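S.K.: Pasting a structure here, questions to come.
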Amino acid sequence: MTTMTGFAHPVFGTQLCFRKIVKAMSEPGSLVTVPNVSGLESMSSATAATLLTLTSHTTPLFIDPKIGNPLLLRTLCLHTNVPIATRLDEADFVLLSGNRFSYDLMALSCGSEAEPEKSTTVIVEVEGMHDGPCLKLTGPGIQTHLIISPRLPGSVRDYLCNRPHAFPTGLDFLFTSGKKLFAIPRSTHVEEC
């Protein structure tokens with residue numbers, strides 16, 4: 001039975017990737033490069049590294065069928081033992097393809113004022129980090145403002161610009177492509193420009 005090997009050095013790779021994800025969350029919109037993980041044709045190295053770093057046996061994961069495959073499931077079972085959720089509302093982490101996006105983000109848990117940590121983290125694999133419509137980011141971790149232009153699905157862009165949940169509730173997003181990722185946490189204000 002074939003599995004993906006994961007990080008070349010599992011402990012150091014996971015620690016380095018975690019630090020990169022924390023940097024991305026604390027500096028919204030800033031691109032970071034995560035350690036390389038190869039062997040999965042259905043997703044980017046950054047997506048695989050993120051899953052191997054953030055998921056565990058206590059964090060149910062929903063995987064978009066456009067990305068999921070038996071190799072990914074075996075690899076995650078071996079390395080993280082993450083339970084696979086069959087419904088969006090059951091998941092702590094959601095992995096979605098930015099290609100032909102058809103998911104209702106309102107079905108995801110946004111936490112509550114008493115337990116904001118119960119919100120879902122959404123990982124979206126996008127086709128590119130540039131050449132999309134421009135977005136202006138402001139808020140904690142951004143000195144004045146930051147302009148980014150990733151190719152986001154329309155419903156994700158609408159959610160980010162209209163934020164239907166008041167802080168501290170809401171969804172945190174990680175966007176991956178190739179070996180790069182950036183984050184837009186729930187504390188970031190997003191507007192089209």
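The values are calculated or read from the model by the stated rules, or taken from the named source; none is laboratory data. What you see is a predicted model, and the numbers here were worked out from it, not measured in a lab. Positions of Cβ are backbone-derived with ideal geometry, glycine not excepted, and every protein chain shown enters the neighbour counts. Just so you know, the surface numbers come from the protein's heavy atoms only, side chains and all, with ligands and any DNA or RNA stripped out. Shrake-Rupley method; radii C 1.70, N 1.55, O 1.52, S 1.80 Å.
S.K.: Rounded to the nearest 5, what % of the DSSP beta bridges within region 53-161 are antiparallel ones? Mind showing how you got there, number by number?
M.R.: Working: 4 of 13 bridges.
Antiparallel bridges make up about 30 percent of those DSSP assigns within region 53-161.
S.K.: Working with all protein chains in place, sort His165, His57 by solvent-accessible area computed with a 1.4 Å probe, largest first.
M.R.: Working: His165 35, His57 125 Å².
These residues rank, largest area first, as His57, His165.
S.K.: Now for a separate question. In sequence order, what are the phi-derived ³J(HN,Hα) couplings for region 178-193 according to the Karplus relation 6.51 cos²θ - 1.76 cosθ + 1.60 with θ = phi - 60°, rounded to whole Hz, with x for glycine and proline?
M.R.: The phi angles translate into x, 9, 10, 8, 9, 10, 10, x, 5, 7, 8, 8, 10, 9, 6, 9 Hz.
S.K.: Give me the Kirkwood hydrodynamic radius of region 96-144 in Å, from all C-alpha pairs, to one decimal place? Walk me through the numbers on the way to the answer.
M.R.: On the way: mean 1/r = 0.0725 Å⁻¹.
By the Kirkwood definition, the hydrodynamic radius is 13.8 Å.
S.K.: May I ask you to derive the FRET efficiency for Asn162 and Arg100 from their Cβ-Cβ distance with R0 = 22 Å, giving the value to the nearest 0.05?
M.R.: On the way: r = 22 Å, r/R0 = 0.99.
My answer for the efficiency is 0.50.
S.K.: Here's something else I'd like to know. Quick check: convex hull of the Cα atoms in the chain, volume per residue, rounded to a whole Å³? Walk me through the numbers before you get to the answer.
M.R.: Numbers: hull volume 21.1 nm³, N = 193.
Hull volume normalised by residue count: 110 Å³.
S.K.: Rank these by accessible area, largest first, 1.4 Å probe: Tyr159, Tyr103.
M.R.: Details: Tyr159 15, Tyr103 45 Å².
Descending order: Tyr103, Tyr159.
S.K.: Another one. Say each of Asp89 and Leu31 gets a label point 7 Å from the Cα, pointing the same way as Cα to Cβ; how far apart are those two points in nm?
M.R.: Rounded to a tenth, the inter-label distance reads 3.9 nm.
S.K.: Let me ask something else about it. Give me the percent of accessible area attributable to carbon and sulfur for region 46-193, probe 1.4 angstrom. The partial results should precede the final answer.
M.R.: Details: 3410 of 6620 Å².
Carbon with sulfur: 51 percent of the solvent-accessible area.
S.K.: What ³J(HN,Hα) values, in whole Hz, does the Karplus curve 6.51 cos²θ - 1.76 cosθ + 1.60 give for region 60-73 when θ = phi - 60°, with x put for Gly and Pro?
M.R.: x, 10, 9, 10, 4, x, 5, 9, x, 7, x, 4, 4, 4
S.K.: Quick one: ranking Cys110, Cys193 by accessible area, 1.4 Å probe, largest first, what do you get?
M.R.: Details: Cys110 30, Cys193 90 Å².
So, going from the largest accessible area down, we get Cys193, Cys110.
S.K.: A further question follows. Can you list residues whose amide H is under 5 Å from Ile123's amide H, if they're 5+ apart or on another chain and H is modeled 1.01 Å from N?
M.R.: It is Val94, Leu95, Leu96, Leu174, by chain and number.
S.K.: Let me ask another. Hey, got a sec? Which GluC sites (Glu not before Pro) in region 101-193 land in a DSSP loop and have at most 11 other Cβ atoms within 10 Å? Before the final figure, lay out the partial values.
M.R.: Working: sites: Glu113, Glu117, Glu125, Glu127, Glu191, Glu192; in loops: Glu113, Glu127.
Sparse-neighbourhood loop GluC sites (Glu not before Pro): Glu113.
S.K.: Run the quick spin-label model on Ser155 and Ser42: label points 7 Å from Cα toward the beta carbon, then report their separation in nm to one decimal.
M.R.: With each label placed 7 Å out from Cα toward Cβ, I get 2.0 nm.
S.K.: Something else now. Karplus couplings for region 162-175 from phi (6.51 cos²θ - 1.76 cosθ + 1.60, θ = phi - 60°), rounded to Hz, Gly and Pro as x?
M.R.: Ordered by residue, 3J(HN,Hα) equals 10, 5, x, 10, 7, 4, x, 7, x, 9, 9, 10, 10, 10 Hz.
S.K.: Mind checking the full-extension length gain between Ile147 and Glu191? Use 0.36 nm per residue of separation minus the Cα-Cα distance, one decimal, nm. All intermediate terms of the calculation are to be shown ahead of the outcome.
M.R.: Numbers: separation 44, 0.36 × 44 = 15.84 nm, distance 0.97 nm.
Computed gain between Ile147 and Glu191 is 14.9 nm.
S.K.: While we're looking at this one, here's another question. Take the residue pairs Lys66/Lys180; Lys118/Lys179; Lys66/Lys118; Lys118/Lys180 and return only those whose Cα atoms are more than 23 Å apart.
M.R.: Details: Lys66/Lys180 20 Å; Lys118/Lys179 28 Å; Lys66/Lys118 26 Å; Lys118/Lys180 26 Å.
From the list (Lys66/Lys180; Lys118/Lys179; Lys66/Lys118; Lys118/Lys180), the Cα-Cα distance tops 23 Å for Lys118/Lys179; Lys66/Lys118; Lys118/Lys180.
S.K.: Would you tally the net charge around Gly13, using a Cβ to Cβ cut-off of less than 12 Å, leaving Gly13 out, and scoring K and R as +1, D and E as -1?
M.R.: On the way: positive: Arg19, Lys20; negative: none.
Once positives and negatives cancel, what remains is +2.
S.K.: Also, I was wondering about something else. Given the convex hull over the Cα atoms of region 18-107, what projected area results after averaging over all orientations, in nm²? Numbers along the way, then the final one.
M.R.: Numbers: hull surface 25.0 nm².
Approximately 6.3 nm², given one-decimal rounding.
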